[in-house]
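What follows is a single structure, written as structure tokens, with notes after it.
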Amino acid sequence: MKTVMMMFAGAVALTGLSAAAMAQRDPAYAAAREAKQVGEQPDGYLGVVSGGPAVQALVRDINIKRKAAYTASAQASGSTVEQFAFTSGCNLVAKVGQGEMYKTPSGQWKENSGTPELDGRCK
């Protein structure tokens with residue numbers, strides 16, 4: 001069981017980072033992040049903080065890609081997509097940079113000024 005959990009944690013880290021890395025290559029994503037229009041959420045998906053249809057379409061596209069990656073990794077690890085997405089969300093929120101937006105466990109958007117607030121279930 002310990003080996004399965006270690007493999008699961010490793011896959012979570014790789015999936016979360018690869019999804020984030022893919023998105024960061026997109027100049028529109030980088031601009032929206034810098035403008036504080038998008039932010040990481042505890043559920044593993046990107047959220048719209050503010051912005052119109054272009055930002056919403058960007059977030060929708062990134063989240064479709066994330067869900068596909070979470071689904072493949074969840075199947076490989078024997079977990080659910082929701083469990084995998086949540087664990088990835090913990091990792092992504094924890095890595096939010098200074099001045100970037102994230103959603104707190106209480107559901108409020110907040111600009112990171114140090115260490116982001118994590119859900120109590122994050123390990």
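The values are calculated or read from the model by the stated rules, or taken from the named source; none is laboratory data. None of the values given here were measured: they were computed from a predicted structure. Ideal geometry is used to build each Cβ from the backbone, glycine not excepted, and the neighbour counts take in all protein chains shown. Ligands, DNA and RNA are excluded from the accessible area calculation, which covers all protein heavy atoms including side chains. Shrake-Rupley method; radii C 1.70, N 1.55, O 1.52, S 1.80 Å.
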Percentage of Cα-Cα pair distances in segment 22-75 greater than 18 Å, rounded to whole percent?
27
How long is the gain from residue 83 to residue 60 if the chain were fully straight, where each residue apart is worth 0.36 nm and the alpha carbon distance is subtracted?
6.3 nm
Which whole number in µm²/s is D for segment 22-123 by Stokes-Einstein, with the Kirkwood Rh taken over Cα pairs at 4 °C and 1.567 mPa s?
94
Ignoring everything but the protein chains, give the 1.4 Å probe accessible area of residue 65 in square angstrom, nearest 10.
110
Rough spin-label spacing in nm, given labels placed 7 Å along Cα→Cβ, for residue 31 and residue 95:
2.5
Which aspartates and glutamates have a Cα lying under 13 Å from the Cα of residue 36, excluding residues fewer than 8 positions away in the same chain?
100, 111
Please compute the net charge surrounding residue 100, taking Lys and Arg as +1 and Asp and Glu as -1 over other residues with Cβ under 14 Å from its Cβ.
+1
Tell me the net charge near residue 36. Cut-off is 14 Å between Cβ atoms, residue 36 excluded, with +1 for each Lys or Arg and -1 for each Asp or Glu.
-1
What is the local net charge at residue 71, summed over the other residues whose Cβ is closer than 14 Å to its Cβ (Lys, Arg +1; Asp, Glu -1)?
+2
Solvent-accessible area per residue for segment 27-120 at a 1.4 Å probe radius, Å²?
50
